[in-house]
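Below you'll find the structure, written out as structure tokens, and then a few comments.
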Amino acid sequence: CGSVRWAFSCGPWVPGRAQWLLAAQCVQPEEKLRIGQYAFTRDAKAAMAGRLLIRKLIAETLKIPWNEIVLQRTAKGKPFLANICHTSPNINFNVSHHGNYAVLAAESGLQVGVDVMKTDFPGSGSVEEFFRIMKRQFTEKEWQSIKCMDSEWAQLDTFYRHWALKESFIKAIGIGVGFNLQRIEFHASPLQMEVEKVYTETKMLLDGEEEEGWTFEETTLDDQHHVAVAIGKPDRKS
């Protein structure tokens, strides 16, 4: 499959009952249960879109019929294709949804993680209070990069950009909860990004040392949504 990058705008998708039931028939019972646990229809819709993107990828690249696709999760919660045969190419994929978008990234034989984040003001409290609560998630240098921006909105935008980068790496390595985010530090570049242009200049330090062999693709889908894709080392299964 090479490299695949998809973004689906969930806002314009307003499924009627018949279409939603059809979508639900395309996913496994446990996935349907997870989707049903979202409190807001918008989030359930985005989660469903993410699951359908995975199936579209598998059906198109591996030619496995939709009704035969079996997805499972690793012990850390990362989805993978369970019914893959040894002759098939090793495809790694990851999905994310936030705000108005569901996104997918896939690579042949390489670790991959994707995260989309929508910049928005905190639901309650000030930006300063929000940053205080989140203080332990970023290094001092990252906070300097965030707080040097000249407006609260620009600071939030830079915050969510860094958050997407961190999440993309965590998801690529498949660890998730329990990883100390202070171990990784991003030097985001360039400071300003044009909408829909892809950048690969950002570097990551792990435990103070620059990590070779990792690439971070960044793009903005519009003036609120950041996407980060972490592309790593050859997957052990390949």
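Please go through segment 32-46 and give me each residue that is touching a residue at least 24 places away in the same chain (Cβ under 8 Å) and open to solvent by 10 Å² or more (accessible area, probe 1.4 Å), ordered by number.
Arg42, Asp43, Lys45
Given the residues Gly109, Gly174, which is the only one that is within 27 Å of Ala44 (Cβ to Cβ) and surrounded by fewer than 19 Cβ atoms within 10 Å (Cβ to Cβ)?
Gly174
Kindly indicate the residue of segment 179-238 that is outside any strand (DSSP E or B) and among the aliphatic types (A, V, I, L, M) and also nearest to Met149 (Cα to Cα) among those meeting that condition.
Leu191
Here are Leu52, Leu81, Leu71, Leu62: which of them is in contact with a Cys (Cβ under 9 Å, 6 or more places away or on another chain), under 24 Å from Ile170 (Cα atoms) and of a type outside the set (Lys, Arg)?
Only one candidate qualifies: Leu52.
Would you point out which residue out of Ser189, Ser145 is farther than 27 Å from Trp6 by Cβ and of a type in the set (Ser, Thr, Tyr)?
Ser145
Any residue at all in segment 148-164 that's within 13 Å of the chain's Cα centre (by Cα), open to solvent by 40 Å² or more (accessible area, probe 1.4 Å) and under 22 Å from Ser189 (Cβ atoms)?
yes
How many residues does segment 127-147 contain that are open to solvent by less than 90 Å² (accessible area, probe 1.4 Å) and under 24 Å from the mean Cα position of the chain (by Cα)?
The total comes to 11.
The values are calculated or read from the model by the stated rules, or taken from the named source; none is laboratory data. Owing to the predicted nature of the structure, the values given are computational and were not obtained by experimental measurement. Because the Cβ atoms are built from the backbone with ideal geometry, glycine has one as well, and the counts that use them run over all protein chains shown. Ligands, DNA and RNA are stripped out before the accessible areas are found, and what is left, the full protein with its side chains, is counted by its heavy atoms. Shrake-Rupley method; radii C 1.70, N 1.55, O 1.52, S 1.80 Å.
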